[in-house]
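The values are calculated or read from the model by the stated rules, or taken from the named source; none is laboratory data. Note that this is a predicted model, so its numbers are computed, not measured. Here Cβ is always computed from backbone atoms with ideal geometry, including for glycine, and neighbour counts include all displayed protein chains. Accessible surface areas use protein heavy atoms only, side chains included; no ligands, DNA or RNA. Shrake-Rupley method; radii C 1.70, N 1.55, O 1.52, S 1.80 Å.
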Amino acid sequence: MKVNALALLRFFLWFSCAFHLIVGIGLNLSPAFPQLMAGYYGAAVDFTPQFLYILKPLGAFMIMVGRVVMAAARDPLNNAAIVYGLVALLAIRGLQRFIFQDAIVGDLAIESSRNVVNGIVFLLLAVVFAVLFKLASNERAAKV
(Lines give C-alpha, C1' and ligand atoms only; values in the text may rest on other atoms or scores of the structure.)
Protein backbone atom coordinates (compact mmCIF):
# COMPACT_ATOMS: atom_id res chain seq x y z
CA MET A 1 0.00 0.00 0.00
CA LYS A 2 1.43 3.34 -1.04
CA VAL A 3 1.28 6.17 1.49
CA ASN A 4 -0.27 9.42 0.33
CA ALA A 5 2.21 11.88 1.86
CA LEU A 6 0.13 14.93 0.94
CA ALA A 7 -2.96 13.55 2.70
CA LEU A 8 -0.91 12.70 5.79
CA LEU A 9 0.73 16.12 5.76
CA ARG A 10 -2.68 17.80 5.56
CA PHE A 11 -3.98 15.63 8.41
CA PHE A 12 -1.08 16.61 10.68
CA LEU A 13 -1.38 20.27 9.68
CA TRP A 14 -5.12 20.32 10.46
CA PHE A 15 -4.41 18.64 13.79
CA SER A 16 -1.75 21.25 14.59
CA CYS A 17 -4.13 24.02 13.52
CA ALA A 18 -6.91 22.72 15.77
CA PHE A 19 -4.56 22.23 18.73
CA HIS A 20 -3.16 25.75 18.50
CA LEU A 21 -6.60 27.33 18.07
CA ILE A 22 -8.14 25.39 20.97
CA VAL A 23 -5.26 26.16 23.32
CA GLY A 24 -5.09 29.81 22.26
CA ILE A 25 -8.81 30.38 22.67
CA GLY A 26 -8.86 28.43 25.92
CA LEU A 27 -6.04 30.52 27.39
CA ASN A 28 -7.97 33.69 26.60
CA LEU A 29 -11.49 32.68 27.59
CA SER A 30 -11.26 30.28 30.51
CA PRO A 31 -9.35 30.74 33.76
CA ALA A 32 -9.72 26.97 34.33
CA PHE A 33 -8.16 26.06 30.99
CA PRO A 34 -4.55 26.89 31.98
CA GLN A 35 -4.94 24.59 34.99
CA LEU A 36 -6.17 21.83 32.69
CA MET A 37 -3.18 22.33 30.39
CA ALA A 38 -0.77 22.35 33.35
CA GLY A 39 -2.18 18.98 34.36
CA TYR A 40 -1.77 17.73 30.80
CA TYR A 41 1.90 18.76 30.86
CA GLY A 42 2.36 17.47 34.42
CA ALA A 43 3.34 20.91 35.70
CA ALA A 44 2.80 22.37 39.16
CA VAL A 45 2.07 26.09 38.72
CA ASP A 46 0.88 28.90 40.98
CA PHE A 47 -1.99 30.47 39.06
CA THR A 48 -1.78 34.02 40.32
CA PRO A 49 -3.85 36.70 38.58
CA GLN A 50 -0.63 38.10 37.07
CA PHE A 51 0.38 34.71 35.68
CA LEU A 52 -3.10 34.11 34.24
CA TYR A 53 -2.90 37.49 32.48
CA ILE A 54 0.55 36.72 31.03
CA LEU A 55 -0.94 33.61 29.44
CA LYS A 56 -3.39 35.71 27.38
CA PRO A 57 -0.73 37.08 24.98
CA LEU A 58 0.63 33.54 24.66
CA GLY A 59 -2.92 32.51 23.75
CA ALA A 60 -3.03 35.23 21.08
CA PHE A 61 0.17 33.85 19.55
CA MET A 62 -1.29 30.34 19.66
CA ILE A 63 -4.43 31.55 17.85
CA MET A 64 -2.33 33.17 15.14
CA VAL A 65 -0.11 30.09 14.75
CA GLY A 66 -3.32 28.08 14.31
CA ARG A 67 -4.61 30.50 11.65
CA VAL A 68 -1.32 30.48 9.77
CA VAL A 69 -1.11 26.68 9.90
CA MET A 70 -4.69 26.61 8.59
CA ALA A 71 -3.47 28.29 5.40
CA ALA A 72 -0.79 25.64 5.02
CA ALA A 73 -3.28 22.83 5.70
CA ARG A 74 -5.43 24.04 2.82
CA ASP A 75 -2.53 24.06 0.36
CA PRO A 76 0.68 22.71 1.90
CA LEU A 77 2.81 22.53 -1.22
CA ASN A 78 2.26 26.20 -2.02
CA ASN A 79 2.96 27.24 1.56
CA ALA A 80 6.41 25.76 2.10
CA ALA A 81 7.51 28.71 4.25
CA ILE A 82 4.68 28.05 6.70
CA VAL A 83 5.36 24.31 6.85
CA TYR A 84 9.08 24.89 7.41
CA GLY A 85 8.24 27.62 9.93
CA LEU A 86 6.20 25.05 11.85
CA VAL A 87 9.11 22.60 11.59
CA ALA A 88 11.41 25.24 13.07
CA LEU A 89 8.93 26.08 15.84
CA LEU A 90 8.56 22.42 16.82
CA ALA A 91 12.32 21.89 16.73
CA ILE A 92 12.90 24.95 18.93
CA ARG A 93 10.23 23.76 21.39
CA GLY A 94 11.85 20.34 21.50
CA LEU A 95 15.33 21.76 22.06
CA GLN A 96 14.01 24.08 24.77
CA ARG A 97 12.93 21.00 26.71
CA PHE A 98 16.56 19.90 26.89
CA ILE A 99 18.26 23.30 27.18
CA PHE A 100 16.00 24.43 30.03
CA GLN A 101 15.62 20.99 31.63
CA ASP A 102 16.73 22.20 35.08
CA ALA A 103 14.19 25.03 35.16
CA ILE A 104 11.39 22.87 33.78
CA VAL A 105 12.02 20.13 36.33
CA GLY A 106 12.80 22.46 39.24
CA ASP A 107 10.40 25.34 38.72
CA LEU A 108 7.46 23.50 37.17
CA ALA A 109 7.94 20.16 38.94
CA ILE A 110 7.63 18.25 35.67
CA GLU A 111 9.29 14.85 35.99
CA SER A 112 12.59 14.70 34.14
CA SER A 113 11.59 11.60 32.19
CA ARG A 114 8.31 13.22 31.12
CA ASN A 115 10.15 16.35 30.03
CA VAL A 116 12.56 14.27 27.92
CA VAL A 117 9.64 12.43 26.29
CA ASN A 118 7.92 15.75 25.57
CA GLY A 119 11.12 17.09 24.01
CA ILE A 120 11.49 14.00 21.85
CA VAL A 121 7.85 14.24 20.74
CA PHE A 122 8.35 17.86 19.61
CA LEU A 123 11.50 16.91 17.70
CA LEU A 124 9.81 13.89 16.11
CA LEU A 125 6.89 16.05 15.01
CA ALA A 126 9.34 18.46 13.38
CA VAL A 127 10.90 15.56 11.49
CA VAL A 128 7.49 14.15 10.51
CA PHE A 129 6.37 17.48 9.05
CA ALA A 130 9.66 17.95 7.17
CA VAL A 131 9.68 14.40 5.78
CA LEU A 132 6.02 14.46 4.78
CA PHE A 133 6.49 17.81 3.04
CA LYS A 134 9.49 16.46 1.11
CA LEU A 135 7.63 13.27 0.15
CA ALA A 136 4.54 15.23 -0.92
CA SER A 137 6.72 17.55 -2.99
CA ASN A 138 8.34 14.54 -4.65
CA GLU A 139 4.92 13.02 -5.35
CA ARG A 140 3.81 16.22 -7.06
CA ALA A 141 7.04 16.40 -9.09
CA ALA A 142 6.60 12.79 -10.21
CA LYS A 143 3.11 13.58 -11.54
CA VAL A 144 4.34 16.46 -13.68
Here, trypsin sites (Lys or Arg not before Pro) of the stretch 1-79 satisfying both criteria (DSSP loop; at most 14 other Cβ within 10 Å) are LYS2
Regression test value, accessible area per residue of the chain, probe 1.4 Å, units Å², expected 60
Neighbours of ALA43 by Cβ distance under 13 Å: Lys/Arg at +1, Asp/Glu at -1, summed charge -1
For the chain, the Cα convex hull volume per residue in Å³ comes to 113
What helix-only [θ] at 222 nm does the chain give? Using -39500 (n - 2.57) per DSSP H run of at least 4, over all residues, to the nearest 500, the answer is -28500 deg cm²/dmol
Of the accessible area of the chain, computed with a 1.4 Å probe and all protein chains kept, carbon and sulfur make up a percent value of 72
